[in-house]
Structures are given as structure tokens and as C-alpha cells.
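A quick write-up on the structure given underneath.
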Amino acid sequence: MRYIDLHAHMVSRTTDCYQQMAASGCVAVTEPAFWPGFDRRSADGFEDYFHHLTTFEPQRAAQYGIRHFTWLCLNPKEGHDRDLAREVLRRIPKYLDRPTVLGIGEIGLNKNTANELATFREHVELALEHDLLILIHTPHLEDKWKGTRLIVETLLTYPELKRERVLIDHAEEHTIEPILAAGFWTGLTLYPTTKASPQRAADLLEMHGPDRICVSSACDWGPSVPIAVPHLALELRARGHSPAFIEQVIWRNPVAFLSQSPRFRLEDV
Amino acid sequence: MSERERTCPLTRQQIVDRYFLENRARLLDLAAFFDRLERAADGPGPDDFRVAALRAGIRLLLDGQPERAKRIQLLLSDPTHEPRRELRGKGAVGAYNPATAEGD
């Protein structure tokens with residue numbers, strides 16, 4: 001069964017991962033800009049990263065028949081440093097016209113500081129200025145509930161923002177309802193230990209229905225599973241869900257959300 | 001009947017057959033974790049805030065009320081609302097520590 005992994009940090013993965021993903025039905029990945037595990041020491045480091053995301057990585061994915069798209073930003077883990085954030089935000093626009101850039105992401109909050117929130121706002125305004133899709137990271141673990149509330153409240157202060165063009169990612173049992181109720185898309189992240197297992201993601205899909213929900217592996221440099229989306233498909237199939245239900249979750253939903261960007265094209269896969 | 005009743009297509013028996021063993025293993029891991037704490041090299045002492053949160057979560061698990069996963073998530077979450085003024089480390093530890101509150 002074909003699928004899209006809407007959130008995968010492929011620069012951290014090996015070619016074996018691309019091979020596994022392709023063999024298990026992955027047709028496209030979208031890669032949000034991420035924190036490398038340490039704070040970058042200058043805005044120049046971000047420029048090298050944006051260049052990597054928009055040149056080499058699509059070529060690497062193409063060797064396995066996978067389309068690679070990307071999102072650009074300064075990640076929330078670095079958002080507290082306002083001077084660095086302002087400089088990176090000043091430089092992002094020159095990369096926005098590259099053919100695989102879908103939008104701004106993954107922006108959001110990490111430890112829910114006032115500085116992070118200011119950086120988040122500036123990214124939202126950049127996306128609005130350029131009419132781009134937005135992909136949002138919600139904080140980890142004990143910070144998720146507060147951060148999700150702050151993110152939703154902040155987004156609602158922009159009346160011009162089209163909510164159907166925003167996906168608020170990494171939802172779990174306590175945050176999925178306020179995101180969907182406000183009219184945004186959401187994402188369930190199939191990440192071991194610290195996010196949702198395939199079983200819990202299947203439970204959430206059963207309880208909330210599949211509308212406006214995408215799933216992803218968020219595979220990165222930590223312990224993670226690049227073929228987590230097929231694992232969810234197997235879980236849903238084992239529970240007796242229909243092929244149409246599964247296809248909506250792993251294919252038609254991400255296609256519907258991402259197709260709002262004119263850059264998202266799959267015809268040459 | 002709650003709107004979420006009967007949303008899982010499996011029967012009760014099928015759910016038990018499919019998921020019992022993995023949850024039996026989790027139960028034993030949890031028990032062994034508490035046993036290990038009692039065998040710690042530095043002897044007995046007060047609970048770390050994360051262990052206290054686990055004990056509270058276990059009590060909630062057994063209260064017979066629905067939405068256990070959501071309620072445990074909330075139990076482990078920072079309940080405050082105002083953005084933090086200061087950044088004290090970038091990592092998350094899995095449970096809210098009231099000692100780190102900024103008075104908001």
C-alpha cells in the first residue's frame with residue numbers, strides 16, 4: 001500500500017532507511033527543518049542546512065523513487081535565541097522559491113518561553129507574507145499540553161490565517177481535541193517511547209475519526225522507526241479497518257493537505 | 001452510551017487475545033522498576049517527582065473512570081499557562097516538576 005511520510009528527518013538517516021521505506025510503499029516524504037542535536041553557532045550554518053535540504057536530499061531520495069519535499073525555519077529548540085532567530089528569518093526568503101519547498105516548518109515551541117513564542121509569531125507572519133503552508137511542532141512530554149494551548153491561542157490571533165493550511169503535529173490523547181476543534185489539521189507521530197505507538201495512534205483514529213489527521217514516523221537521529229507508517233497500517237488492518245480507511249490516513253489525507261501547495265506534485269514518481 | 005463506545009472494531013475477547021501478553025510484560029517491567037528503586041545503592045529516600053507522578057498515574061489507572069490515557073497525559077503535564085520568562089535547559093523529562101515553576 002502506498003503512503004506518504006509527512007514528517008521525516010532524512011538527513012539523519014542512511015540510504016538503508018530510504019530503501020526500507022521505498023520497499024514498504026513510501027512514495028514521498030516531507031522533511032521539516034530540525035535541530036541537529038546541538039545549537040548551530042551562526043545563521044551561516046542554517047544556510048548550509050537549507051541548501052542541503054533543497055538540493056542533495058531530494059536527489060538522494062530520488063534514487064529510491066521517493067519524492068522529497070521540505071519545510072524551512074529555525075527549529076523551536078533554537079527559537080529562544082532571538083538574535084539568531086531574527087538573522088535566520090531574514091535569510092529564509094531567498095530559499096523559499098526552491099522547487100521542493102512546501103512551506104514554513106517545523107515551527108512552534110519547545111520549552112514554552114516568551115522568546116520562543118515571539119520567534120514562532122515571526123515565522124507565522126513570514127508564512128502569511130509568502131502564502132505558504134505551515135507545519136507546527138508541539139513540545140515534548142510534560143510541555144506539550146501547555147505549548148499546544150499557547151500555539152492554538154496564538155494562531156487564532158491571525159484572522160487572515162487559513163486554518164486548513166496549518167498542520168499542528170505530534171498530537172496525543174490530551175491535545176488532539178483542541179487542535180481539531182479549532183479547525184486545523186493535526187499529525188500523529190509514531191515515535192518510540194516519547195510520542196505515540198501504532199496502537200495508541202490507532203486508538204486515536206478510532207475515537208476521533210480519520211478526518212484532518214495525518215501520520216508520520218518523525219524518524220531522525222534518535223531511536224526511531226523509518227517504516228513506522230506501515231506499522232500503523234498493519235495495526236489498523238489487524239483490527240479489521242477497511243482498506244479505504246487505511247488509505248485515507250496514510251495517503252489521501254496527506255495528499256489533500258500537501259496539495260494546497262502548488263509545489264507538491266507526484267506525477268513523475 | 002458515550003460517543004466513543006464501540007469505536008474499536010475488535011471484540012473484548014479479541015482485544016485481550018491480541019494485547020494481553022505485551023501489557024503483562026509492561027506490568028512486570030513497572031513492578032521490577034519499583035523493586036529496583038528499593039534496592040538502590042544509596043538506600044531508601046523520598047520519591048523523585050517523576051516517581052511520584054508514576055504512582056499517581058497508577059492510582060488513576062485503577063479508578064474505573066474512562067479516558068485513562070488522556071487523564072494520565074494531563075497528570076504528567078505542566079498545568080501553567082503563561083509563557084516562561086527563562087530557558088532552563090532544552091530537554092523534557094516526562095513529568096511536570098512544580099519546583100521549576102516561575103510563580104505563574
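For every helix of n ≥ 4 consecutive DSSP H residues, a contribution of -39,500 (n - 2.57) applies; sum these over chain A, divide by its total residues, and give [θ] at 222 nm rounded to the nearest 500 deg cm²/dmol.
-11500 deg cm²/dmol
Across the protein assembly as shown, how many lysine pairs separated by 8 or more positions, or lying on different chains, have Cα atoms within less than 14 Å?
10
Using a Förster distance of 51 angstrom, determine the FRET efficiency expected from the C-beta separation of A:Arg252 and B:Ala101, and round it to 0.05. Don't jump to the answer; show the numbers that get you there.
On the way: r = 44 Å, r/R0 = 0.86.
Calculated transfer efficiency: 0.70.
Could you size up the charge dipole of segment A:1-62 around its Cα centre, putting +1 on the beta carbon of Lys and Arg and -1 on that of Asp and Glu, and report it in debye to the nearest 20?
180 debye
Report, in debye and to the nearest 20, how large the dipole of segment B:3-76 comes out about its Cα centre when Lys and Arg carry +1 and Asp and Glu carry -1 on their Cβ.
Details: 14 positive and 12 negative charges, 55 e Å.
Dipole about the Cα centre, nearest 20: 260 debye.
Where the centroid of each part is defined by its Cα atoms, how far is segment A:122-153 from segment B:56-81 in Å?
About 25 Å separates the Cα centre of segment A:122-153 from the one of segment B:56-81.
Tell me the label-point distance for the pair B:Asp48, A:Ala118, using the 7 Å Cα-to-Cβ offset, in nm and rounded to one decimal.
The answer from the label model is 3.5 nm.
Return the tail of the calculated pair distribution for segment B:3-76, meaning the percent of Cα-Cα pairs more than 16 Å apart.
On the way: 1784 of 2701 pairs.
Result for the distance tail: 66 percent.
Among A:Thr70, A:Thr113, A:Thr15, A:Thr193, which comes first, then next, by fewest other beta-carbon atoms within 10 Å?
If I rank by nearby Cβ atoms, fewest first, I get A:Thr193, A:Thr15, A:Thr113, A:Thr70.
Report the one residue of A:Ala218, A:Trp35, A:Phe264 whose Cα lies farthest in the direction of the positive end of the charge dipole of chain A (charges on C-beta: Lys and Arg +1, Asp and Glu -1; origin at the Cα centre).
Of A:Ala218, A:Trp35, A:Phe264, it is A:Phe264.
Among A:Glu125, A:Glu106, which comes first, then next, by fewest other beta-carbon atoms within 10 Å?
Numbers: A:Glu125 14, A:Glu106 27.
Fewest to most other Cβ atoms nearby, the residues stand as A:Glu125, A:Glu106.
Could you state the number of Å between the C-alpha centres of segment A:197-269 and segment A:1-78?
18 Å
Identify, among B:Leu54, B:Gly64, B:Pro9, the residue whose Cα sits farthest towards the positive end of the charge dipole of segment B:3-76, taking +1 on the Cβ of Lys and Arg and -1 on the Cβ of Asp and Glu, with the dipole about the Cα centre.
Of the options given, the answer is B:Pro9.
Tell me, in nm to one decimal, what length is gained between A:Asp97 and A:Glu177 on full extension, where the rule is 0.36 nm per residue of separation less the Cα-Cα distance?
Taking 0.36 nm per residue and subtracting the Cα distance, the gain is 25.3 nm.
On full extension of the chain, what length is gained from A:His52 through A:Thr15, given 0.36 nm per residue of separation minus the C-alpha to C-alpha distance? Don't skip to the end; give the middle numbers.
Details: separation 37, 0.36 × 37 = 13.32 nm, distance 1.55 nm.
So the chain would gain 11.8 nm between A:His52 and A:Thr15.
Once you have the Kirkwood Rh of the protein assembly as shown from its Cα pairs, apply Stokes-Einstein at 10 °C and 1.306 mPa s and quote D in µm²/s.
Once the numbers are plugged in, D ends up at 73 µm²/s.
Debye calculation, C-alpha points only, no solvent: report log10 I(q)/I(0) for segment A:102-249 at q = 0.15 Å⁻¹, in the same order as the q values.
Log10 I(q)/I(0), no solvent term: -0.76.
Quick one: if you stick a label point 7 Å off each Cα along the C-beta vector at A:Arg2 and A:Gln59, how many nm between them?
2.6 nm
To the nearest 20 debye, what is the magnitude of the charge dipole of the protein assembly as shown about its Cα centre, counting +1 on the Cβ of each Lys and Arg and -1 on the Cβ of each Asp and Glu?
It comes to approximately 560 debye.
Order these by the 10 Å Cβ neighbour count, fewest first: A:Leu109, A:Leu141.
Working: A:Leu109 28, A:Leu141 19.
By the 10 Å Cβ count, ascending, the order reads A:Leu141, A:Leu109.
Averaged over all directions, how much area does the convex hull of the C-alpha atoms of segment A:28-68 cover when projected, in nm²?
Directional mean of the projected Cα hull area for segment A:28-68 stands at 3.0 nm².
If I take R0 = 25 Å and measure r between the Cβ atoms of B:Tyr19 and A:Thr193 in this structure, what FRET efficiency does the formula 1/(1 + (r/R0)^6) give, to the nearest 0.05?
The pair B:Tyr19/A:Thr193 has a calculated efficiency of 0.85.
Since every read-out is calculated from the coordinates, none of them should be taken as a lab result. Source: prediction; values computed, not measured. Glycine gets a Cβ as well: all are built from the backbone with ideal geometry, and neighbour counts include every protein chain shown.
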